[in-house]
Amino acid sequence: MTHTGGRLPLHSRPQWAVFFALVGVAALLIPVLNLAVDETSPFHVPDYLVPLLGKYLCYAMVALAIDLIWGFTGILSLGHGTFFALGGYAMGMYLMRSIGQEGVYSSHLPDFMVFLDWKELPWYWWGFDHFAFAAAMAILVPAALAYVFGWLAFRSRITGVYFSIITQAMTFAFMLLFFLNDTGFGGNNGLTDFKRILDFPINLQTTRVSLYIASVVALTGVYLLCRFIVRSKLGRLLAAIRDSEGKVLFTGYDTLQYKLFVWTLSAAICGLAGALYVPQVGIINPSEMQPANSIEMAIWVAVGGRATLGGAMVGAGLVNAMKSYFTVAAPELWLYVLGATFIAVTLWLPRGVVGLRLPGLRRSKGKEEEDATRSEGSPVEGPRP
Amino acid sequence: MRTILSSSLGGLARRFFVVLGILFILPAQGVAGEFEDALAGLGSKSRKQIKSSIQQLAHLEDPRALPALTALLEKRLRVDAEGRLYEVVEDSGELLRIPGGEVVASPPDSLRKPRINNAVRRVLGPAIAHLQLDSPDADVRRSAAEALPDRLSERMLPDVRAAAEREKDPQIRELLALALARADIQSGDSQRQLAAVELLGESGGRVAASILSTLLEQIDSEEGSEADPALRKAIESALARIEMRTDLIDMAGNLIYGLSLASVLLLVALGLGITFGLMKVINMAHGEMLMLGAYTTYSVQILFLQYMPGWIEAYMLAAVPCAFAVCGLVGMGLERGIIRHLYGRPLETLLATWGISLLLIQTVRLIFGAQNVEVANPDWLSGGFEILEGVVLPWSRVAIVLFASATVAAVWLLLQRTPLGLQVRAVTQNREMAACMGIATGRVDMWTFGLGSAIAGLGGVALSQIGNVGPEMGQAYIVDSFLVVVLGGVGKLAGTVTAALGIGVVNKLLEPLTGAVFGKILVLLFIVLFIQRRPQGIFALQGRAAES
Amino acid sequence: MRMKNFKNLRLALGMLGIFSALLVAGPAASAKDDDTIKVGVLHSLSGTMAISETSLKDVVLMLIEEQNAKGGVLGKKLEAVVVDPASNWPLFAEKARELIAVHDVDVVFGCWTSVSRKSVLPVFEELNGLLFYPVQYEGEESSYNVFYTGAAPNQQAIPAVEYLMSEDGGGAKKWVLLGTDYVYPRTTNKILRYFLEEQGVKDSDIMEEYTPFGHSDYQTIVANIKKFAAGSPTAVVSTINGDSNVPFYKELAAQGIKAEDIPVVAFSVGEEELRGMDAEPLVGHLAAWNYFQSIENPTNAAFIKQWKKFTGDEDRVTNDPMEAHVIGFDMWVQAVEQAGTTNVDAVRQAMGGQTVESPSGYKITMDAKNHHLHKPVVIGEITEDGQFDIVWQTDGPIRAEAWSPHIPDSASKIADWTYPWVCGNCTEAKFQTLPGVSAQ
């Protein structure tokens, strides 16, 4: 392999093959099977499955974002739900504005504002009539919040659990703030009852499929970006920060800048995921900011396998698919299944599901691959044996 | 100290003799038939009838009606099929005839409880107070004076005035004088009005303020009439004085509320201060330990109800060690079974304990049902006392403050003054070194985690007295507990205590200014900024330990 | 070629696994059994709302069991499809879609919170499902696909306030409107504020206060209520939700506020909630509902008996939303039998005007126009045993106002699903100008 500028190639050739195959299946095959194949055919992908898969894809993006900051940089955030929800709110605000006067009260204002007797659009809603503005805000607002928060926290070298706990406090504070009706984001009900996106009716199957494809594209892009980062020199620096920040500092790197960059990027990715999530599930409300939700996001990554991008995505998909399946199959007992899985994964699969060594698939250790993504032994935490 | 709930009426027998005494001294008042009819009306099925009978009895001013009226208020009145009245004696369960008071040896079969509602209770309270004003017992008179309505009726006025004149006890006299002043203010007699305004300004509370401002409005609306400028000025100065006093009282009240909130936070967070603070286990199942403690309290209460109903009042005392033991055992089991495999990977304990918390919640839901369960306050924890006018400190809160202090003291003693505490500190400071010194670190871990969980269980006992007991209750406290521990400084119990106090008091001082939600948000913001200034919390560990 | 790393292969396998699980789960679950009629039950069995919603799930299961014992509907057995939306609002929409699209249910009984209803509404409208919503709510809504069996504000809040104004209720002059900060309390209080103003209550005599969900520290608020109430008769109208009620009432009692001084009337405290509380401090406080367990009549007695037998627990209680499900279920059964099919459009037409003998002791009618019930209003005082002592009730059932006439923005709106209106939110009829044109 030729190394240029300390960067490793993104993928080996077979990996690229698998990658394109997966993207092809997700972006082309599923939409075709849904739209073009007859409903009675066994190959038909049912309508309800498309937004559901779209939702998993958004969660997978969140998992990538968390993996980037936790798995690769060693900073556990319990507040990513905030970034996700802020992105969602930005998109939700656009969707609310695009309802126009078709709301319940036929006003140019969103229904909940009419209801609160507001006569004018608050200033922070300005601009959300435009899709491009909303899309930009969905990424910029979480990124800006993360930047300020991260700057405050990293500057004073808040690390480890301290950081985790204050991110939890942050998401809790935002949840309380958004729960308030007076803050102008719809209170507990949040934003819902969307009608159209970019003039396409939102409940049309073709719109849904388009949103799904957009999610596939976004996830692919985010994955490649993350892959690019972790395979670059920056990625190795991040791993070094994770494993011993002190030593990195002594070698002359300003770790604050690197941490801040990854942290902000991670938040922006979450915002993007949130923006794609909202039109597909049809509602955004403050319960997305519940501390429990953010904990769950971290758990997807842990279940799938930290410090492996594929693992993060698999984890998000797996946990949520389990949730979808067992809430119907065993509505009284699904919490047992979920809880037991979490415990089992921590006890027996410290590397997550992708760390499973399937019989027959003997893992051969490509040296450069391993070194770039993880240091063997203690993958995340500090020196305690 | 004044007990608010009139549950202090335990001296029933005493009052009974008092009434008997009065019976001998005073000849029966009014027309005999009228009294009997009104009394019998108390047992009516119609609440309207009961209400008018009470009013009539108050009007007759016959103290013989007192036992029946108090029995009615305290739900001890019974009626048999023929409409004869009885009262049940609280402790012995004996049945007494009304009027008369003879013990009924063989109770009739079908006894009915007259049902009263708010409308009845609203006339019943003043009626009893009216009749009790003449009681020879100072305590009875005091509670009567307290129970006087805000605005005395025409009919009661002369009686209250007479009572005030013959009253010896200065405290009761002041109460009566205030009640009279509230009435005098409306009298139109400017001399009396002035005196009343003066008195209310001196010692009146919010009720007085409200009456005074109504009067002021009246004066203002009748511009040009013979409104006395002196009166007007007196009212204004009285209002100002009352306001200053009540503002001070409010401040004091908020401090006290803050203290009590702080105790709750402390009890909730103390266990986490050990499992997370000392052991570095990110224990997401901490809330569920609180929940288990509360459910243990519930179970103990059920067992008491079933097997020793006579001792039900004492169930709380039994619940404390039970919750300690149950949660301690569960904690030790979890430590041995799961958590001990995760030392050195603190962030992974987050994942496992989250799983544990889901399991515990669902288990409790399957056993006890998804609904909340009822944990009753024992009588000695119900009610409260009024420290200042309008500021009531409930007994349950007092108990929690005391309980929290005792728990902190016990934990401190345990950690600082016992061999186990020494080992715990040794292991948390330097595991290898401790192991080299021959400490069985594994066992110490088990004990430490058990202790943390057990203390969380104690927190659960306390929470059961002020809030809900349900499967999800623990989730609500997770964020708060972690914040308290982190703000205080991980691994420092003194920090946990200080942080709880700080958050509690600040929260309560902010709440009146900003409302509950913004108060909380501001506190969170403040905490984040504070940690930013002092990343290791209020009480930072010094030296190398801080870096690890 | 030698594969150096199987990470992506494993990823592929993982994805494939999820896929196959879903694809197998989907058809397996949807394998349509023509011998049964499927009834969806969409109530949270975990999460914060499980406290209230699990009992509703049980009621529906009980009703289905009873109906099957009677021979089912249209000669077919009923089959319950229970799912757990876990108090998660987007999950409600997802599960609703799954119930209708995958499991092919003919009707859904479900939801409690307003936000869950708002979340599933677009799904029901898109897939033309049928939802029975059993909880008192804020009104301002009427959907073609929903039958509202709970109370609208005019069937609960306004009569309660009128009672408290009356001499019997204490003749309140000052009002504390206290609620959890979400849409139901906000709307109810908004309607009440307009109503109180119409009654001549001054703005300064109304105190409106909201607390967040799960708020548990009421020390300051209760102290404020005491301050506010000093000097004139005051009543508290509480729309505090679920979990916050226990700390609120405990604080009231602890600070020495008695029901005869400052009565609290609650719209969200029923028998089920009281079961989880020590009722002693609540005695004398009020609640306004359309049904109480303590109402005495044969229908109710039978319902209570059946419920206790079904749950196998003598201590279980019945409450208003449960009764709403009973009414809704009975009406749906009648409508299906009348229509001779479970087809949603046919059943919807047949639902209008259905009448059932309800446990509240009245004949309850479904309004064909606005999809709400005509319900009686009953006010009860809480007794020591956690039941209600009925102190006041309306002469008969009251028609629900889907749109409140007390709110300016909705006063002119009409919900009428019959011809020629065919609209849940209109100020003029859809078909007025084009007579003879059939509905699309």
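None of the figures in this text is laboratory data; all of them are computed from the coordinates on show. Quick caveat: nothing in here was measured; it's all calculated off a predicted structure. Counting neighbours? That spans all protein chains shown, and the Cβs are built from the backbone with ideal geometry, glycine included.
Under a 10 Å cutoff between Cα atoms, tell me which one of C:305, C:38, C:375 has the largest fluctuation in the Gaussian network model of chain C. It is C:305.
Based on the alpha-carbon gyration tensor of region A:135-293 and its eigenvalue square roots a ≥ b ≥ c, which shape applies: rounded if a/c is under 1.5, prolate if not and a/b is larger than b/c, or oblate?
Oblate, since a/c reaches 1.5 and b/c is not below a/b.
Using R0 = 35 Å, the C-beta based FRET efficiency linking residue B:306 and residue B:406 works out to 0.75.
For trypsin sites (Lys or Arg not before Pro), the sites in region C:174-225 that DSSP calls loop and that have at most 13 other Cβ atoms within 10 Å are C:202. From the alpha carbon centroid of region B:401-471 to that of region A:283-338 is 33 Å. Put a dot 7 Å past the Cα of residue B:190, heading toward its Cβ, do the same for residue A:10, and the two dots end up 9.5 nm apart.
Between residue B:203 and residue C:314, the simple label model (points 7 Å from Cα in the Cβ direction) yields a spacing of 5.4 nm.
Take the Cα of residue C:208, step 7 Å toward its Cβ, do the same at residue A:251, and the gap between the two points is 6.2 nm. Helical runs assigned H by DSSP (4 residues or longer) give chain B a calculated mean residue ellipticity at 222 nm of -21500 deg cm²/dmol, each run adding -39500 (n - 2.57) before division by the residue total.
At a Cβ-Cβ separation cutoff of 4.7 angstrom, cysteine residues of the protein assembly as shown with no neighbouring cysteine are A:58, A:226, A:270, B:322, B:327, B:436, C:111. Between residue B:237 and residue B:59, the contour length at 0.36 nm per residue exceeds the Cα-Cα span by 60.3 nm. What FRET efficiency do you get for residue B:248 and residue B:416 if R0 is 45 Å and r is their Cβ-Cβ distance, rounded to the nearest 0.05? Once rounded, the FRET efficiency stands at 0.70. If you plug the beta carbon distance of residue C:429 and residue A:195 into 1/(1 + (r/R0)^6) with R0 = 25 Å, you get a FRET efficiency near 0.65. Taking every DSSP helix (H) stretch of at least 4 residues in chain C, weighting each as -39,500 (n - 2.57) and dividing the sum by the residue count yields a mean residue ellipticity at 222 nm of -11500 deg cm²/dmol. One Cα centroid belongs to region C:384-430, the other to region B:287-362; the line between them spans 48 Å. Scanning chain A for GluC sites (Glu not before Pro) lying in DSSP loops with no more than 13 further Cβ atoms inside 10 Å, the longest uninterrupted stretch between such sites is A:121-375.
Taking springs between alpha-carbon atoms closer than 10 angstrom, which of A:291, A:331, A:110 fluctuates most in the Gaussian network model of chain A? Highest fluctuation among the options: A:331. For region C:375-385, the Karplus equation 6.51 cos²θ - 1.76 cosθ + 1.60, evaluated at θ = phi - 60°, returns couplings of 10, x, 10, 10, 10, x, 9, 5, 10, 4, 8 Hz by residue, with Gly and Pro reported as x. Compared with the dominant principal axis of the Cα atoms in chain A, helix A:131-155 is inclined by about 50°.
Sequence-ordered 3J(HN,Hα) estimates for region C:100-106 from the Karplus curve with 6.51, -1.76 and 1.60 and θ = phi - 60° stand at 7, 7, 8, 8, 6, 6, 8 Hz, glycine and proline given as x. Stretched out straight at 0.36 nm per residue, the stretch from residue B:91 to residue B:165 would grow longer than its current Cα-Cα span by 23.0 nm. Scaling against 2.2 N^0.38 Å puts the C-alpha radius of gyration of region B:144-194 at 1.07.
Just to be sure I follow: if Rg is taken over the C-alpha atoms of the protein assembly as shown and Rh is the Kirkwood radius over the same atoms, what is Rg/Rh?
Working: Rg = 33.8 Å, Rh = 34.1 Å.
Here Rg/Rh amounts to 0.99.
For each pair in A:233/A:323; B:48/C:173; C:305/C:375; C:118/C:308; B:51/C:363; C:190/C:430, compute the distance between the two Cα atoms and list the pairs where it is over 27 Å. Pairs exceeding the cut-off: A:233/A:323; C:118/C:308; B:51/C:363; C:190/C:430. Summarising the amide proton neighbourhood of residue C:42: residues at separation of 5 or more, or on other chains, whose placed amide H is nearer than 5 Å comprise C:109, C:110, C:111. Cα centroids of region C:126-161 and region B:147-202: 53 Å apart. Whole-Hz Karplus values for region A:50-63 come out as 5, x, 5, 5, x, 4, 4, 5, 4, 4, 5, 4, 4, 4 Hz, taken residue by residue from phi with 6.51 cos²θ - 1.76 cosθ + 1.60 and θ = phi - 60°; glycine and proline positions read x.
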